[in-house]
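See below for the structure under consideration.
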Amino acid sequence: MKKYKYDESKGLLYELKGDYYLPCLTVPEQDVRPIGIWGQRREKYLRRHRKILYTNLLTSCKLHAHLADINEEATEMFDRLVEQMAKQEGITEQLKADDMLEWVRGMNNIQNKAREIVNTELIFN
């Protein structure tokens with residue numbers, strides 16, 4: 001009896017295991033980039049609110065790459081927004097040296113605004 005059988009109509013190779021032919025399936029290599037906090041937030045959002053998209057990405061082995069892309073894009077956007085807003089509002093290194101509490105208050109405010117923008121534009125979209 002043959003140990004392997006190829007089904008041309010399905011394009012699958014089958015291997016004999018006991019009395020049954022089972023398909024020889026392999027999972028494609030996954031992306032190894034880190035997901036990070038933004039990717040984790042995106043995954044949580046997809047899992048809770050966009051279940052079909054989440055399942056499609058998961059079953060097509062594209063979820064990790066999607067989350068890594070979102071993480072990179074969100075990190076760049078967040079850093080750029082914080083830098084631009086700090087410059088616009090006059091939060092400088094000189095202010096940090098002169099009045100540390102005022103600088104911390106200003107930077108926390110800017111980071112909160114930037115986080116909301118990134119969440120709205122990328123994570124929850």
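Key figures
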quantity: Total formal charge among the other residues, if their Cβ is under 15 angstrom from that of Lys113, Lys/Arg +1 and Asp/Glu -1; calculated: -1
quantity: Mean separation of Cα contacts under 8 Å (6+ apart) over length of the chain, as relative contact order %; calculated: 20
quantity: C-alpha center-to-center spacing [the stretch 88-125, the stretch 1-38] in angstrom; calculated: 50
quantity: Unsatisfied cross-links (Cα-Cα over 32 Å) in the set Lys51/Lys113; Lys62/Lys96; Lys17/Lys44; calculated: Lys62/Lys96; Lys17/Lys44
quantity: Three-way shape label, the stretch 48-101, alpha-carbon gyration tensor, a/c 1.5; calculated: prolate
quantity: Around Gln40: net Lys/Arg minus Asp/Glu count, Cβ-Cβ under 13 Å; calculated: +4
quantity: Sites matching GluC sites (Glu not before Pro) across the stretch 1-108 that sit in DSSP coil, with at most 11 neighbouring C-beta atoms within 10 Å; calculated: Glu8, Glu29
quantity: Overall dimensions of the chain as given by Cα atoms, namely Rg and Dmax in Å; calculated: 24.2, 84
quantity: Fraction of accessible area attributable to carbon and sulfur, the stretch 36-109 (%, probe 1.4 Å); calculated: 51
quantity: On Cα atoms only, tilt of 36-49 relative to the major axis of the chain in degrees; calculated: 60
quantity: Sum of -39500 (n - 2.57) over DSSP H runs of 4+, divided by residues of the chain (222 nm, nearest 500); calculated: -19500 deg cm²/dmol
quantity: Sites matching chymotrypsin sites (Phe, Trp or Tyr not before Pro) across the stretch 20-125 that sit in DSSP coil, with at most 16 neighbouring C-beta atoms within 10 Å; calculated: Phe124
quantity: Neighbour net charge for Ile91 - beta-carbon separation under 13 angstrom, K R +1, D E -1; calculated: -2
quantity: Accessible area (Å², per residue) of the chain, counting only protein heavy atoms and a probe of 1.4 Å; calculated: 74
quantity: Residue of Met85, Met100, Met77 that the Gaussian network model of the chain assigns the largest fluctuation, springs spanning Cα pairs under 10 Å; calculated: Met100
quantity: Kirkwood Rh in Å, taken over all unlike Cα pairs in the stretch 75-118; calculated: 10.4
quantity: Reach of Lys5 by Cα under 19 Å, taken over aspartates and glutamates that are not fewer than 8 positions away in the same chain; calculated: Glu15, Asp19
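The values are calculated or read from the model by the stated rules, or taken from the named source; none is laboratory data. Since we're looking at a predicted model, the values are computed, not measured. A quick note on method: Cβ atoms are made from the backbone with ideal geometry, for glycine too, and the neighbour counts reach across all protein chains shown. Ligands, DNA and RNA are excluded from the accessible area calculation, which covers all protein heavy atoms including side chains. Shrake-Rupley method; radii C 1.70, N 1.55, O 1.52, S 1.80 Å.
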